[in-house]
Structures are given as structure tokens and as C-alpha cells.
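Presented below is the structure to which this report refers.
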Amino acid sequence: MQQPITKITLTGDLGSGKSTVSRILCEHTGFEYVSTGQVQRQLARELGLDTLEMNRLADTDPSIDKRIDGIFVALGQDPKGYVVDSRMAWFFLPDSFKVFLKTDVHVAVQRILDDPERDSEHYFSPEEAAQKILARKESENARFLAKYGADCSDLNNFDLVIDTAHRSQAVVADLIFKGWQARNNGEAFARVW
């Protein structure tokens, strides 16, 4: 019998609900929550930048990614269970249950604008927010592809893909939990929702 998977990694579109879904999953599983989004926002504040500016700086300053990526090296060796909300956790934790959450950019904009925890992300309008969100995604994907050979846009890299635009975070968390359980039990489960 195979060892149960004790790491669930969530990546996906900005504003797709990764943080909230991760917290709900922690309640279901008893796993600890790790969010590199929080780490990135804190680092951006420390540097006096917004997250897009910090991502652009990371294009030329490898210490930023190194600081963030180091978290995963340690997690991979830790036997405890974790739900990890991160762009690259699926890559650094290849034995995890890898989940990609996607959503429409306009839904993402509204979620981000309504989130008080995103105080390092300032936008003058929803249009500007959409433009910056898409630019950030493009910057990150290009950097990760060049640096690691990791294609975050290739959905075949993930065990489960869920469109969150018209699903509640509780429903999304439940789908992930059921998919993770099915995988651990060797049972079939739909890969794309």
C-alpha cells in the first residue's frame, strides 16, 4: 500500500480563492497552513514595493525567489501534513496532491479589491487591477519557466483543476478534500471541474 499524501499544494490564478480554500482544507485535514502569498506581500512591504514591482525586481534579483523557495525545501522533508498556498509548491513538492484553481480575471479583481489582507496591492480602478493581475501572472510564469523549467500554465502538471468563478470556497475545498481522499484510497476522481 502506498504512503498517504500529506501535502496538498494549491496554485492558480491570482484571486482564485487559494488562501481561503487552503484555510478550509486545514480545518478538514488538520494540516498546517503555509502561504507564500503572505510571505510575498510581507517581503513587498519590507522592500517598500507593491507585489508586481517586487515580481519585476525578482526578475533580476535571485535572492527574492531564493528566500521564498527555501520554505519548500524544508517542507518536503517534514513528515507533518501541510496545505500550501503557493505558485511553485507543486514543483518543489512533487509528491504532493497538486491543485490548480482558475478563475475569470474580472472575478479575481473583485475578490482582490474586497480583501482587506491585500494592503500591499493598490489599484486606482478595476481596469488597472485586471491589467496588473495579468502582468503579474505573465511575469511570474515567464520567470518560473526560465529559472526552473516549470510551466505553471500547463494544467497537465496538476492532479486536480477547478474553476472557482462560480463555486463557493467551501464547495471548492470539499472537491479538493474528496479528490485528495480518493487519491490516497486509490480511487478514481474527476480531474477537471
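Read the figures in this text as sums done on the coordinates, not as results from a lab. Since the model is a prediction, treat every value here as computed from it, not as a measurement. Neighbour counts are summed over all protein chains in view; Cβ atoms, including those assigned to glycine, are modelled from backbone coordinates with ideal geometry.
Applying a 10 Å radius around every beta-carbon, put 178-184, 10-16 in order of their mean neighbour count, most first.
Numbers: 178-184: 17.7, 10-16: 25.3.
So the order, starting with the most tightly packed, is 10-16, 178-184.
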Built amide H within the under 5 Å cut-off of Val161, gap 5+: Phe100, Val192, Trp193
Nitroxide proxy distance, nm - points 7 Å out along Cα→Cβ at Arg191 and His28: 2.0
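If you add up the charges near Arg67, with Lys and Arg at +1 and Asp and Glu at -1, over every other residue whose beta carbon is less than 11 angstrom from its beta carbon, what do you get?
-3
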Peptides 81-94, 44-57, 99-112 ordered by average Cβ neighbours within 10 Å, highest first: 81-94, 99-112, 44-57
Reachable aspartates and glutamates, given that their alpha-carbon falls under 17 Å from the alpha-carbon of Lys132 and they are not under 8 places away in the same chain: Asp13, Asp50, Glu53, Asp59, Asp104, Asp114, Asp115, Asp119, Glu121, Glu140
Rg/Rh for the chain, where both radii come from Cα atoms and Rh is the Kirkwood radius: 0.95
Reach of Lys137 by Cα under 28 Å, taken over lysines that are not fewer than 8 positions away in the same chain: Lys7, Lys18, Lys66, Lys98, Lys102, Lys147
